[in-house]
Amino acid sequence: MIDVVTIGSNEEEILYKQAATVADIDERIVRLTQEMIDSLVVHKGIGLAGPQVNEQLRLFVTHAQGDIPRVFINPEIIMTSNDLVPYEEGCLSVPGIYADVMRPEEIQIQAWNEKGKPFTLDATGILARVIQHEYDHLRGKLFIDRLNEKKRERLLKQYARKNGQ
Ligand code: NI
C-alpha cells in the first residue's frame, strides 16, 4: 500500500512542486498507476496524483462514482467551459478538510493511458471536477489554494488544530 503525502508532513514539499513529464510509460509506471488506483479504494478517494504518492511525475488516476478507473499520463486540459460552478472538494493530502471550490463545469483533456495509448476525453460533473483537482496537483496547487486567502487561512488553522500542529 502506498502512503499519501499530507500537508504538514516531512514530505509535504513535493506537493508544492511542478511535476515532471513521464518520459516512458514502462512497467514501473504501469505498476505505480495500478497501485494508485488500488489505493483509492483503501483511502476512499476518487483521485490521486503522482506528487501525492511522493512521485514528482505528471500522472494521476481517477475513480469517480459511476465511472471506471482511469489513468492520465502527461495530461493537458485543452478546453474548459466558461461557466464556473461550485462543488465541495476534499483531498487525501489535506484529510478532514472540505470546501466549495469554483471551477469550470466541463473540460476536454488529452493524455496517455497506462497502455501508452493517447486519448481525448470530454468530462462534465464529478469527473470534470476530480480531473481538474488532480491536474492542479501536477502544478503544485492544492484545492485550498483556489479559495480566498481568508478562507484558506481558516481551513489551514482548522487542519493544524485537528492534527495537533
Ligand atoms: Ni487532492
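The values are calculated or read from the model by the stated rules, or taken from the named source; none is laboratory data. All values derive from a computational prediction rather than experimental measurement. Reconstructed Cβ throughout: ideal geometry from the backbone, glycine too, with neighbour counts over all protein chains shown. Heavy atoms of the whole protein, side chains included, go into the accessibility calculation; ligands, DNA and RNA do not. Shrake-Rupley method; radii C 1.70, N 1.55, O 1.52, S 1.80 Å.
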Notebook entry, point to check: Of all the accessible heavy-atom surface of the chain, with the other protein chains kept in place and a 1.4 Å probe, what percent is carbon and sulfur?
Noted result: 48 percent
Next item on the list: Counting other Cβ atoms within 10 Å, keep those with at most 15, restrict to DSSP loop, and tell me which chymotrypsin sites (Phe, Trp or Tyr not before Pro) in region 26-116 are left.
Entry: Tyr98
Next item on the list: Compute, for His43, the solvent-accessible surface of its heavy atoms (probe 1.4 Å) with the complete set of protein chains present, and express it in square angstrom to the nearest 10.
Entry: 70 Å²
Margin query: For a quick check, take a GNM of the chain with Cα springs below 10 Å and name the residue from Asn54, Asn113, Asn148 with the largest mean-square fluctuation.
Written below: Asn148
Next item on the list: Quickly estimate the mean residue ellipticity at 222 nm for the chain, helices only: each DSSP H run with n ≥ 4 gives -39500 (n - 2.57), and the total goes over all residues, rounded to 500.
Entry: -8500 deg cm²/dmol
Checklist line | Per residue, in Å², the accessible surface of the chain once ligands and nucleic acids are set aside, probe 1.4 Å | finding: 53 Å²
Note to self: Kirkwood Rh and Cα-based Rg: tell me the resulting Rg over Rh for the chain, rounded to two decimals.
What the structure shows: 0.95
Notebook entry, point to check: Charges only on Cβ, +1 for Lys and Arg, -1 for Asp and Glu: so what's the dipole of region 1-131 about the Cα centre, in debye to the nearest 20?
Noted result: 200 debye
Note to self: For the full complex of protein chains and a 1.4 angstrom probe, list Met79, Met1, Met36, Met102 by accessible area with the highest value first.
What the structure shows: Met1, Met102, Met79, Met36
Next item on the list: Could you work out which residue, out of Pro75, Pro104, Pro51, moves most in a Gaussian network model of the chain, that is, has the largest mean-square fluctuation with Cα springs under 10 Å?
Entry: Pro104
Notebook entry, point to check: Once phi is turned into ³J(HN,Hα) by the Karplus curve 6.51 cos²θ - 1.76 cosθ + 1.60 with θ = phi - 60°, what whole-Hz value does each residue of region 93-101 show in order, with x for glycine and proline?
Noted result: 8, 10, x, x, 10, 9, 7, 6, 10
Item checked: Karplus (6.51, -1.76, 1.60) ³J(HN,Hα), θ = phi - 60°, over region 2-12, in Hz, Gly and Pro reported as x -> 8, 7, 9, 6, 10, 5, x, 8, 5, 9, 4
Item checked: For the chain: lysine pairs under 19 Å (alpha-carbon distance), excluding those fewer than 8 apart on one chain -> 6
Margin query: Compute a Gaussian network model of the chain, connecting alpha carbons closer than 10 Å, and tell me which residue from Ile77, Ile131, Ile46 fluctuates the most.
Written below: Ile77
Notebook entry, point to check: How much of Glu149 can a 1.4 Å solvent probe reach, expressed as accessible area in Å² and rounded to 10?
Noted result: 110 Å²
Item checked: Charge dipole magnitude, Cβ of K and R +1, D and E -1 - region 67-121, Cα centre, debye nearest 20 -> 360 debye
